[in-house]
Amino acid sequence: MSYKLPEVQMMSIYREGQGNGKKAYTCGPSATRNMVSAMYRYKTGAYKDFTEQAFASWEGTKEGVGTSRANVASALNANFSSFGHWTTSRPTSATSYFNTVTMDTYSFHQSVIANIDTMYLSFFPTNHNLKHFDFVYGYEMVGSTHYLWIGEEWDPVYIYGQSNYQSYGKHRELLTNRVHRDHDGLHPWNRFVRAKSAHCLLIAFILMGLSGCDRGHGPPKHALQSQNPETTDRGVVRPPIARTVKQIDLGGSVGAISGDSKRLVYPSRQEGDLDRASVMSVDLTTGKRRRVAHSAFPHGYVGWAGVSGSWTVFVDQSKAQGDGDMDVLWRVVAANPETHQLLTLLSNGQTPDPWVPWMSAGDDYIAWSSAERDGKRTAHEWLWRHDWSSPRTVMRHAVLTPGTESVSGDSLIYLGPSTGPHRQPEVGGDCWQVPLAGGSPTPLTHTGLAMGCAANDTWLVWTQHIDPETKSPPPDGIFDDPYEIWSEPIGGKPMLLHHGYSAGYWPIVAGHFTIWGTQDGRRVVQDLGDPRSVLFLARTNYWDLGAALDRSRFALPNENKPDDHAVVDLVDVARRS
């Protein structure tokens, strides 16, 4: 069972701020602008644009504040009453949510304006904690797994020229990512706006547990062999072995995890914190948790943490960033609880800016980028490890996507500019390699479609867009999620791992294996030496795909969270003998 509004499927989504001086806090007017334009296409046969400025005026959007859901409904009733009557609503369950979308799209031929927390969506990063409007224009069921089709107007590349993520476009999203309970309880700001008659409704989503929906899985779209052994001309293909050796309770509300063979680190909201302002460390042998650092700001927020020796490095912000409220003070801090040392490795001083570093950690190195002050949206790439007194420069005035860095032997690999036929940054780029000691970068891929790169000392794995100029698009259409996953021995011949849309996570690489996420919510373990050898694991967790700890062990967040605590599985992966 599936349906997508054809008029939305065919349209180019108006970007937030488009034609409005790239103004901020206009996600409400922008989402409504898209919904109404598609409604006119269905009613009259032609799209009609009333401009973002008009909707911002009608909805009483305030700079630095945003738009209230009630004002969205009032503006629609005052200006578009011929289409129906709008109200705000809070669904009581996931079933109610799904049924609302089904009725409004299929029966009433109208999208649903949704107000949601972005951190739970696969196409936003987990530290992008924002109350935000977008619109839902369709639904799908694969077996008993429920999906929604989301139209997203926020395009950070359009606004800022470059970004460490790309959310804009049309996405198929698990219903469980839109409707669930956070570790700290229900969030009443998440609702929707929709029509109350045979027309439309504005939905304000409440985050809660999946109620009334089975958590089964549909078959993944995968061009490779299944995990079942199969005889080929090369012999029997055997799936990898994945063995859970321990479960670790992380406690409370947590952010992205990182670590090594001895411990995990992660941002967390602890008692007394207004947000995720604590940095926690867990000993993987004993399972003992302790707080190793805390934000220095009264309303602080910690987005990223990593390990280098006995040091924990983290990014400390003066507050969580939001759509149109991106300027913050930030510091990159190294803490050593054993020696009671605290070092500030880099900061933006007392001048707020939106360019908060994204950290990458691996092989005892911490990498991050900061914005160059050249007005050209370029980056200064930094590297630090526990036995250095200060961070070192790897590149200046670089064009790269922050957060995609991986240490590979004596090189740093990252997502950089396109070397292929596609030169637009919103389409994709290529994976590049630069010596850790500095030097000239060289490209490793040449498609211009890469979306994310991950590597270890032997293998490179990357995701890439579907070619927007393809002559034979898939039946689902052309969307902004990854369409192919590729690998290669560093400097060797590329191999296709997966063909078809996958989840928007960057892959994880350790030893001879990679892990990536399917659109139906599972993890795939794939042998890079023989890509036919595939194992499907249980569902991914909404907040993180996981982390590689050494050459054979992964930390994989577990969806089962006893007592509202986050849990990770320590999983050893090996080839079958």
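The values are calculated or read from the model by the stated rules, or taken from the named source; none is laboratory data. These numbers come from a predicted model, not from an experiment. Positions of Cβ are backbone-derived with ideal geometry, glycine not excepted, and every protein chain shown enters the neighbour counts. The accessibility values were calculated without ligands, DNA or RNA, using every heavy atom of the protein model including side chains. Shrake-Rupley method; radii C 1.70, N 1.55, O 1.52, S 1.80 Å.
Once the chain from residue 271 to residue 499 is taken as fully extended at 0.36 nm per residue, the excess over their C-alpha distance is 77.6 nm. Considering only protein heavy atoms and a probe of 1.4 Å, how much of the accessible area of the range 262-400 is carbon and sulfur, as a whole percent? Roughly 46 percent of what the probe reaches on the range 262-400 is carbon or sulfur. Diagonalising the gyration tensor over the Cα atoms of the range 33-169 and scaling each eigenvalue by 5 before taking the square root yields semi-axes of 23, 22, 15 Å, largest first. Applying 1/(1 + (r/R0)^6) with r as the Cβ-Cβ distance of residue 572 and residue 93 and R0 = 51 angstrom yields a FRET efficiency of 0.85.
A 1.4 Å probe run over the protein chains yields, for the range 262-400, 43 Å² of accessible area per residue, whole-number rounding. Computed from the Cα positions only, the extents of the range 441-529 along the three principal axes stand at 37, 31, 19 Å, in decreasing order.
Rounded to whole Å, the principal axis extents of the Cα atoms in the range 310-448 read 51, 39, 21, largest first. Of all accessible surface on the range 452-533 at a 1.4 Å probe, what whole percent is carbon and sulfur? Roughly 55 percent, rounded to a whole number.
Per residue, how large is the accessible surface of the range 467-543? Use a 1.4 angstrom probe and give square angstrom. Heavy-atom accessible area per residue stands at 34 Å². Taking amide H atoms as placed 1.01 Å from N in the peptide plane, the amide H of residue 418 lies under 5 Å from those of 430, each 5 or more residues away in sequence or on another chain.
Annotation: peptides 387-397, 66-76, ranked by per-residue average of other Cβ atoms within 10 Å with the highest first, follow the order 66-76, 387-397.
Where Lys and Arg each count +1 and Asp and Glu each count -1, what net charge lies around residue 574 among other residues with Cβ under 12 Å from its Cβ? After counting each charged neighbour, the total is +4.
What ranking do 450-463, 250-263, 467-480 get when scored by the average of other Cβ atoms within 10 Å per residue, highest first?
450-463, 250-263, 467-480
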